[in-house]
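All of the numbers you see were taken from the coordinates with simple rules; none came from a lab. Note that the coordinates shown come from a computational prediction; the quantities given were computed from them, not determined experimentally. Glycine also receives a Cβ, built like all others from the backbone with ideal geometry; neighbour counts cover every protein chain displayed.
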2 protein chains.
Amino acid sequence: MTTNEGLRERKRRETLQRITDAGIRLFIEKGYEATTLDEIAAAAGIARRTFFYYFKSKDEILLSLQSGMGAMLVEALKRAPGDKRPLRAIRDAVVAVCARVPADDMIVIDRLMRSSEAVQARKQASYVQQEQALFAALRERWPDPGRETGLRLVAMLAIGTIRLSLDAFNREGGSRPVAVLLHEAFDALEAEV
Amino acid sequence: MTTNEGLRERKRRETLQRITDAGIRLFIEKGYEATTLDEIAAAAGIARRTFFYYFKSKDEILLSLQSGMGAMLVEALKRAPGDKRPLRAIRDAVVAVCARVPADDMIVIDRLMRSSEAVQARKQASYVQQEQALFAALRERWPDPGRETGLRLVAMLAIGTIRLSLDAFNREGGSRPVAVLLHEAFDALEAEV
DNA sequence: AATAATATTGCACTCAGTGTAATGTTCAAG
DNA sequence: CTTGAACATTACACTGAGTGCAATATTATT
């Protein structure tokens, strides 16, 4: 099925992977800021200039590892039955999605991101982007125009709750599974409002 | 009362103001990215190197205009009566705070921030910082240890709702006052959860 | 007036990121 | 199997943000 992949695509995928691997390895070894693009390029076996053919910036190496989740969430939402309330549908979808993400990687990436203010900032920005994507998906499923504000809030709530759960997960060093923390947070949400 | 301000402090305040003014003027004139620190320094009548004595980076010029609100919110919360539910107390506090911020400035700053991805990202990060400050304030006022998760959520909800309201305000070009949008959003919040 | 503390500056440097243009590689069509 | 188009890789030169350091100037203190 995925075998009809040309030489070009394969090489591209491999190079992308080599850059990412080299980057993360170096970031862990000597810190994010202290690692230069020259070093990453050298370790990945490409020219410095080529790096920018694959990534827009240094922080994209880390960001690219995070951006997948939003898309998965939107996908899971589309397949959910339409009779649930939005927040319930999201809750179920996100628990399902998080089950398929390796926990150890999450912790490493999170620690790396915390080491640079600029990266940390872009991470928060990417949450906002995910929020907007989620809002767009919600609007398609519950297209009542008078509910726009409400759906924006739901998207904000959902992404915010996810963010807090992942933060708690990392704060605890991964001692409790993400799914548990998610349920805890979503339950607390209904109690607080 | 504020007259016992030495020469040093006065000069510092004035220089800070000159840098901010020069920066914003130039950003509006020729765009954020296209404005160099050399130009800002020249316009503010200081050396390039001195700029970094006042600001850690170029984007701090814009960020510094935003960071005041979180502190004001925390202050207002401290003076609020303790018998309200947290979310209600915050709602009242933020409406009071926003009344004292000039609307035109908000719109200009917002447009400037949108013109640079890095600034936009740092803006979102500053919301998260405000969220954490708010959480700390809430925990002092409602120090029940079993409610940590709940208070984190309240802080997230509150800052998120504020953010969405300000976004809506800017999206509408300032046609409706912020207070109205805030009340609308907080009302919708209770309806959606 | 002397001294300490803080501000201002110049200089040289590192590094991220961009524009451009040249060269190499893969692909598709004949 | 060749040829041309599309894509990939690279070198080179450049801009601009941000830092370290050390010298000088200004303000505060006693």
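Of note:
- About its Cα centre, the protein assembly as shown has a charge dipole of approximately 580 debye under the convention of +1 per Lys or Arg Cβ and -1 per Asp or Glu Cβ, with nothing else charged.
- At 7 Å out from Cα toward Cβ: residue B:102 inter-copy label distances (nm, ascending): 5.4
- Positive-pole candidate from B:35, A:182, B:156, dipole of the protein assembly as shown, charges at beta carbon: B:35
- Projecting label points 7 angstrom from Cα along Cα→Cβ for residue A:33 and residue B:47 puts them 2.3 nm apart.
- Helix B:86-98 and the longest principal axis of the C-alpha atoms of chain B enclose an angle of approximately 30°.
- Take every pair of alpha-carbon atoms less than 8 Å apart whose residues are at least six positions apart; their mean separation over the length of region B:2-54 yields a relative contact order of 30 percent.
- Residue pairs, from the table A:123/B:56; B:58/B:123; A:58/B:56; A:84/B:123; B:78/B:123; A:78/A:123, whose Cα atoms sit over 23 Å apart: A:84/B:123; B:78/B:123; A:78/A:123
- Relative contact order of chain A, pairs being alpha-carbon contacts under 8 Å that are 6 or more residues apart, as %: 19
- Angle between chain A longest axis and helix A:178-192 axis [Cα atoms, degrees, rounded to 10]: 40
- In a DSSP loop and with at most 14 other Cβ atoms within 10 Å, the trypsin sites (Lys or Arg not before Pro) in region B:1-99 are B:56, B:79, B:84.
- Region B:21-53 and region B:136-193: distance between their alpha carbon centers, rounded to Å: 35
- Shortest-first nm distances, residue A:39 label point to equivalent points in other copies (7 Å, Cα→Cβ): 3.5
- Across the identical copies, how the residue B:191 labels are spaced - nm, sorted shortest first, 7 Å along Cα→Cβ: 2.7
- The residues packed around residue A:183, meaning those with a beta-carbon under 14 Å from its beta-carbon, carry a net charge of -1 if Lys and Arg are +1 and Asp and Glu are -1.
- Per-bin percent of Cα-Cα distances, chain B [5 Å]: 1, 7, 14, 16, 16, 14, 12, 10, 6, 3, 1
- Where GluC sites (Glu not before Pro) in DSSP loops with at most 16 other Cβ within 10 Å are excluded, longest remaining stretch of chain B: B:34-171
- Convex hull of alpha carbon positions in region B:2-54: directionally averaged projected area 4.0 nm².
- C-alpha long axis of helix B:148-171 to longest principal axis of chain B, angle in °: 60
- For trypsin sites (Lys or Arg not before Pro), the sites in region A:93-193 that DSSP calls loop and that have at most 15 other Cβ atoms within 10 Å are A:100.
- Calculated mean residue ellipticity, 222 nm, chain A: -24000 deg cm²/dmol, from DSSP H runs (n ≥ 4) at -39500 (n - 2.57) each, averaged per residue and rounded to 500.
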